[in-house]
Structures are given as C-alpha cells and as structure tokens.
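The values are calculated or read from the model by the stated rules, or taken from the named source; none is laboratory data. Owing to the predicted nature of the structure, the values given are computational and were not obtained by experimental measurement. A quick note on method: Cβ atoms are made from the backbone with ideal geometry, for glycine too, and the neighbour counts reach across all protein chains shown.
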Amino acid sequence: MLRTKSQRKKLCPECPVARVADLLGDACSLLIMRDLMEKPQRFGEFEDSLGMSPRTLTNTLKRLEKEKFIARKHFTKPVRSHYELTKKGRAFNSVVDAMRRYGKKYL
C-alpha cells in the first residue's frame, strides 16, 4: 500500500490494476474483505480472526469505510456496532474467490 500522494501519482494512476492493488492489495484489507464475505463482523471478531494489532485493524477499517468498501452499522440496544460489505465491497467477492481458488490449486 502506498502511503503518500506522490507515491500514488507515480504508480500509473490510469491503470485499474494498480489502483485496486493500492486500495486492497495489503494482507489486512484482503483478510477483512474475506471475513466480511461470510457475515458481518464486530471489531473483536476481526481481532480474534486476524491477530493484528488494534491500531492496524482500526486504521484499515477506517480506510475501507472511507473508500466505501465497508459500512459500519450502529445499534442502540444493546449498544454495539458491526461492519458489513457495501455494494462496492460485495463486487470484490469474485476477486477474493479467484484468489482462494488459485491458492488451493497452486500454493
């Protein structure tokens, strides 16, 4: 994942593969998307499943939410929230499925 605007500009900004890789190419994002394909998840469920630091998880969730791949839903009774895929996020399912098939066959 590229960190600065100048790094992003150097990365062939018109290339759709490069743009998707920049947004979702890190392991954290891919694993979050994978987990959300199954069902909505709470923050603690991500922590248990992924084993990443709370800070990394928080930053990744915020970025995915900002880019509209996921949405955070709030509930008042009981007070809690969970994350779920948006329409844009669900459209990425075929990519994750293809990666799963490739991994099973070749890795």
For the stretch 40-102, please list each of the helices (runs of 4 or more DSSP H) lying entirely inside it that holds at least 2 residues being polar (S, T, N, Q). 54-66
Going through the stretch 47-68 one residue at a time, which ones are within 11 Å of the chain's Cα centre (by Cα) and either on the phi > 0 side of the Ramachandran plot or buried (at least 17 other Cβ atoms within 10 Å of the Cβ) (or both)? LEU57, THR60, LEU61, ARG63, LEU64, LYS68
Under 7 Å between Cβ atoms, which residue pairs at least 6 apart in sequence (or on different chains) link something in the stretch 42-56 that is free of Cβ contacts under 8 Å to residues at least 40 places away in the same chain with a partner that is of a type in the set (D, E, K, R)? PHE46/ASP35; SER49/ASP35; PRO54/GLU47
Restricting to the stretch 74-96, and then to whatever is of a type in the set (D, E, K, R) and at pLDDT 95 or above, can you tell me which residue is surrounded by the fewest Cβ atoms within 10 Å (Cβ to Cβ)? LYS87
Set ARG72, ARG63, ARG34: member being in contact with a Phe, Trp or Tyr (Cβ under 7 Å, 6 or more places away or on another chain) and within 18 Å of LYS87 (Cα to Cα): ARG72
So for the stretch 19-35 (the condition being over 11 Å from the mean Cα position of the chain (by Cα), at pLDDT 85 or above, in a loop (DSSP other than H, G, I, E, B) and surrounded by 11 or more Cβ atoms within 10 Å (Cβ to Cβ)), does at least one residue qualify? no
Condition test on LEU107, is it modelled with pLDDT of 95 or more and either surrounded by 13 or more Cβ atoms within 10 Å (Cβ to Cβ) or farther than 14 Å from LEU23 by Cβ (or both)? no
